[in-house]
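Chemist: The structure under discussion is supplied below as structure tokens; questions concerning it will follow.
Laboratory data are not the source of any read-out in this text; all were calculated from the coordinates shown. Please read all numbers here as calculations on a predicted model, not as lab measurements. Neighbour counts are summed over all protein chains in view; Cβ atoms, including those assigned to glycine, are modelled from backbone coordinates with ideal geometry.
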Amino acid sequence: MTTAATPIGRINAFVRWVARTPWPVFTLGMLQADIIGALLVLGFLRFGLPPDDRIQLQDLPTFNLAIFLGYLFVSFTVGAYLTLRMLLPVIRWQRRDTLLASTDPTITEIARVRALRMPYYRSVISVSNWFLGSIVFIVASWPVASQSAPVVAVASLLGATATAIIGYLQAERVLRPVAVAALRGGAPMNFRAPGVILRQVLTWVLSTAVPILAIVLALVASRFEILTAPAERLNTPILLLAISALVIGLTGTVLVAMSIADPLRQLRWALSEVQRGNYNAHMQIYDASELGLLQAGFNDMVRDLAERQRLRDLFGRYVGEDVARRALERGTELGGQERDVAVLFVDLVGSTHLASTIPAAEVVSLLNEFFRVVVDSVNRHGGFVNKFQGDAALAIFGAPIEHPDACGAALAASRELHDDLIEVLGQTEFGIGVSSGRAIAGHIGAQARFEYTVIGDPVNEAARLTELAKLEEGHVLASAIAVSGALDQEALCWDVGEIVELRGRVAPTQLARPVRLVSPDQARTRVPSDAQN
């Protein structure tokens, strides 16, 4: 039997787990807030009052002092027990060590609500202990402070208020990891954490209302002779209360400011990540207040943006980035407009024979590599691959985005594509045709399903030139009209030749061929660049 299977081993494992949770710090925070509140009250009663009205605690009967100290021990023990009882469902939910805690949604909901309300429960327990403790203290100190009972009551009330608020703000910050886990599936129904306004009000009560009220009550007590010292002898107590107000106010303000600044700082970081294109930026939801709703809203917004970007990328892959961007910016409608375009058509030779002689997976790999080269070359020259047709591709220059030299770009892309395809395809032959002219570019189809394409004589002429180019040694043909429409830098790279009649066209076409092209034999005997280096 292993150590972990024994009761002692399980207890040790549980203790180690608890030590890694915020609950030990939460417990110490409860004790710390009570000690701070007690020191404030005792310091005020011992040093904050005029000498004639100070309560001499050392003169208390031993029995009375023992009763009060016993109450402190019992009250803290009862408070710790009640806190532990309320924490048990939360601890089981965190540990997931029982089937009930991990599968019963009712138990899980109770645990989440209790985890989120623990700062509030802690404040209620603290105020209850202080209320009963004030009564016990007044009774215990009656022999030496019977005349100052109202002062003791008011001081205890103010101390309880300060303790509860400090404890609440501190617990809310310490238990933030627990709140993050509890809010991971959304805020529980009918639960809302204190918002920014309430936190500011609590800070005001702690830093302003409590000390000023103490000063006012001290002056009123002196005026109605509850205190024996005259009002002019209250300068020292008022000064001490003012200093306490400064210290407590600074502490409370810092705690509240941190509870507001932390999520805002995280929001600023997340926004910068989204601006850089990181749609995985995610904010932890601290609570169910306005800040928590802001964090949740930001997460929803980023998820929507990520989904929109994913759809846009997917849309762009199907129809082209330029078409996708234009559709998102301006919308889509059936129809088109007449444009001056250059068309590049490229087609493989004998792909049907290849499909019958080599495995289908190799055919797909060959086609993918072929289309990759086509897309890269066309994109480099500012064109748009409109569609893939089996083993052929249609590229357009000048639509949907205007091009300053559509003909020159199409001709340069065809020459570059020729060299790249020879290196990639090897023995597989191809044909490339380039044409230009007026065509209709727009969305063609039905309202429920359409595509962006170009229709017109240049498309037909480019397809016929491609068929003829398959029989040419250079595998590239263009129309003389396309060459004449290009800038001189590209037009000088082409030789204009004979006039032919292409199948399916009435008007004759004058052919043009590149001046220099790499032949297949030269490509196969070319020395690799790595070998040259």
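Chemist: Pull out the extension gain between Leu84 and Ala153, defined as 0.36 nm times the separation in residues minus the alpha carbon to alpha carbon distance; nm, one decimal. Intermediate values should be presented prior to the final figure.
Modeler: Values: separation 69, 0.36 × 69 = 24.84 nm, distance 2.97 nm.
My answer for the length gained is 21.9 nm.
Chemist: Right, something else. How many nm separate the modelled label positions at Ala361 and Val254, each set 7 Å beyond the Cα in the direction of the Cβ?
Modeler: Roughly 6.6 nm, to one decimal.
Chemist: Sort 474-485, 82-93 by packing, meaning the average of other beta carbons within 10 Å per residue, with the highest value first. Show your work: numbers first, answer last.
Modeler: On the way: 474-485: 23.1, 82-93: 16.8.
Highest to lowest by the protection proxy: 474-485, 82-93.
Chemist: I want to check the label-to-label distance for Ala19 and Ile243. Put each point 7 Å from Cα in the C-beta direction and report it in nm to one decimal.
Modeler: Computed distance between label sites Ala19 and Ile243 equals 4.0 nm.
Chemist: Determine the gain in length on full extension of the stretch Ile212-Ile11; use 0.36 nm per residue of separation and subtract their C-alpha separation, reporting nm with one decimal. Working shown, then result.
Modeler: Values: separation 201, 0.36 × 201 = 72.36 nm, distance 4.96 nm.
My answer for the length gained is 67.4 nm.
Chemist: Run the numbers for His282 and Glu498: contour at 0.36 nm per residue of separation, minus the present Cα-Cα distance, in nm. Let's see the in-between values first.
Modeler: On the way: separation 216, 0.36 × 216 = 77.76 nm, distance 6.52 nm.
Once the chain is fully extended between His282 and Glu498, it gains 71.2 nm.
Chemist: Go through 245-253, 339-347, 494-502 and give me the packing order, highest mean Cβ count within 10 Å leading.
Modeler: On the way: 245-253: 16.7, 339-347: 26.7, 494-502: 14.0.
Taking the mean over residues of other Cβ atoms within 10 Å, the ranking is 339-347, 245-253, 494-502.
Chemist: Related question: Of the peptides 464-471, 265-272, how do they stack up when ordered by the mean number of other Cβ atoms within 10 Å, highest first?
Modeler: Details: 464-471: 20.2, 265-272: 13.6.
Those peptides, ordered most packed to least, come out 464-471, 265-272.
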